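The values are calculated or read from the model by the stated rules, or taken from the named source; none is laboratory data. What you see is a predicted model, and the numbers here were worked out from it, not measured in a lab. Cβ atoms come from the backbone with ideal geometry, glycine included; neighbour counts cover every protein chain shown. When the accessible area is computed, the model is the full protein with side chains, heavy atoms only, and any ligands, DNA or RNA have been set aside. Shrake-Rupley method; radii C 1.70, N 1.55, O 1.52, S 1.80 Å.
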Amino acid sequence: SSIAIEGADGKTYKTDEWMNTPPSILSAVSKRLHLQPDHPLAITRQLIESRFPGYAYHNALFPIVTTHQNFDSLGFPPDHPGRSRTDTYYINSKTVLRTHTSAHQADTFRANETPGYLISADVYRRDAVDRSHYPVFHQMEGAMTWDRDSVPAGSTLAQQIWADVAKIPAHPGLAAQDPNPTMHPDRNPLQPEHAADEVEAVAAHLKRSLEDVVVAIFTAARAATTTPSGDAPPDEPLQIRWVEAYFPFTSPSWELEVFWQGEWLEVLGSGVVRHSILAAAGVPTRIGWAFGLGLERIAMLLFSIPDIRLFWSEDQRFLSQFSASKPIARFAPFSKYPACFKDVSFWLPVGAGGNSAGGLVAGFHENDVMELVRDVAGDLAEDVRLVDEFTHPKTGRRSCCYRINYRSLERTLTNEETNELHERLRRTLVGRLGVELR
Ligand code: PHE
């Protein structure tokens, strides 16, 4: 059979036994929050774009891509866990909702835009239910490359890159920790096709460019006018750190973390683009960097937005607080409506043994419970957590207890309403996952 998707310009998609994308997720495809004027995600996107003048901005790439684009073109091995149906939304065995904007790297490198490009887009992942996770979120990808064939005579590629590094605004007051060497033979290797002096220069350009973005964001967040109900942000110096990382499509790779309200927050992944990707894209003489950041994370910091579900709100009490033409203002939460906690305990189907602590049991994945809650309760589910699990000593059967926090961002839920939702959730767990309620 096949499905039509709103926003797909009438195109239909064949589905097969890999299809695991519920209608609630498909309905997000046409929303494009990052393009809605005055939406906080659009304002955040524009603020970051303003730090990369002259780049090509791609903001309307369609989210349904091939597994080749999302995984193979980027060097994901065939058994990579990210390909699993428990983590990724499939339409059919060869077609997915992109899990990251990197899905467009190969095609965009092929277009060979200079100096670089930014891609902002909705991305889709099966994941936990809590205040900072939502199965649809937005990323911005950025990349910049240099061509070793167009280096002026008498100069080297590394010199040319360093000259570009010198053009990036400097932030001497920034406390940036970067304790590791740019490359490490085991942990963060240089690619065989690259020269170390070139990669040093590329890495410096990447890190200075992204530090400049982070400073711009946090300067705006600090300057944000404090609303009567909001607390002023602590006025401590901005602290950031570069951490070694691994991605199949970059080497060496780094994550950038920002110290914000008492904890280190991962804000982006980045690295030196794999030569094989540029070669396959028809630009084998280029070398450069790429990064990917989560726009919601940044917007939550920028505007002090406490819950990721708010980005999807159509309530004017939310939307009217943001304006692209006014200075950044801190979000004033509308009063918090009461939470309602309800537990559901069940036996897993026989045969679904193993250990679910890491989320995975043969035939049962925690993300299935998460998605089922989203399906039944929509945005009325704030948080879902496993509060208890045990294995029966005699039968070997495994039992789980999940606690659901039902709360609307917009009103007080009635008892009747939450009871009904929870009852529907219990029935759906039985019907779809084959569990036995306790
Ligand atoms: N795509 C990566 C992610 O979603 C981020 C990334 C982009 C890392 C580009 C390196 C280079 O986690």
Item to complete: Take the stretch 43-63 and flag every residue that is open to solvent by less than 20 Å² (accessible area, probe 1.4 Å) and closer than 30 Å to Ser93 by Cα.
Response: Pro63
Response to the item:
Ala203 fails exactly one of (1) surrounded by fewer than 19 Cβ atoms within 10 Å (Cβ to Cβ); (2) closer than 17 Å to Thr250 by Cβ, namely (1)
Item to complete: Being more than 12 Å from Ala290 (Cα to Cα), open to solvent by 10 Å² or more (accessible area, probe 1.4 Å) and out of contact with any Asp or Glu (no Cβ under 7 Å at 6 or more places or on another chain) is the filter here, so list the residues in the stretch 240-256 that pass it.
Response: Glu244, Tyr246, Pro248
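Scan the stretch 389-421 for residues that are part of a loop (DSSP other than H, G, I, E, B) and over 17 Å from Asp379 (Cα atoms) and report the count.
6
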Item to complete: Residue by residue through the stretch 258-299, note down the ones that are part of a strand (DSSP E or B) and more than 14 Å from the ligand (Cβ to nearest atom).
Response: Val258, Phe259, Trp260, Glu263, Trp264, Leu265, Arg286, Ile287
Practice prompt. Could you tell me whether any residue of the stretch 138-159 is open to solvent by 70 Å² or more (accessible area, probe 1.4 Å), more than 16 Å from the ligand (Cβ to nearest atom), of a type outside the set (Val, Ile, Thr) and touching a residue at least 60 places away in the same chain (Cβ under 8 Å)?
Written response: yes
Response to the item:
Leu409 passes all but one of the listed conditions (1) open to solvent by 60 Å² or more (accessible area, probe 1.4 Å); (2) at pLDDT below 95; the exception is number (1)
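This table checks each residue for (1) within 12 Å of Pro40 (Cβ to Cβ); (2) at pLDDT 95 or above.
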{"position": "His275", "(1), (2)": "no, yes"}
{"position": "Ala281", "(1), (2)": "no, yes"}
{"position": "Ile287", "(1), (2)": "no, yes"}
{"position": "Gly294", "(1), (2)": "no, yes"}
{"position": "Trp312", "(1), (2)": "yes, yes"}
{"position": "Arg317", "(1), (2)": "no, no"}
{"position": "Phe322", "(1), (2)": "yes, yes"}
{"position": "Ser325", "(1), (2)": "no, no"}
{"position": "Arg330", "(1), (2)": "yes, no"}
Discussion item. Looking only at the stretch 307-343, how many residues end up being open to solvent by 40 Å² or more (accessible area, probe 1.4 Å) and in contact with a Pro (Cβ under 7 Å, 6 or more places away or on another chain)?
Written reply: 2
Practice prompt. Return yes or no: is Phe52 within 19 Å of the chain's Cα centre (by Cα), aromatic (Phe, Trp, Tyr) and within 25 Å of Thr145 (Cα to Cα)?
Written response: no
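Residue by residue, here is whether (1) among the polar types (S, T, N, Q); (2) over 26 Å from Ser27 (Cβ atoms); (3) over 16 Å from the mean Cα position of the chain (by Cα) holds:
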{"residue": "Thr66", "(1), (2), (3)": "yes, no, yes"}
{"residue": "Ser73", "(1), (2), (3)": "yes, yes, yes"}
{"residue": "Pro78", "(1), (2), (3)": "no, yes, yes"}
{"residue": "Ser84", "(1), (2), (3)": "yes, no, yes"}
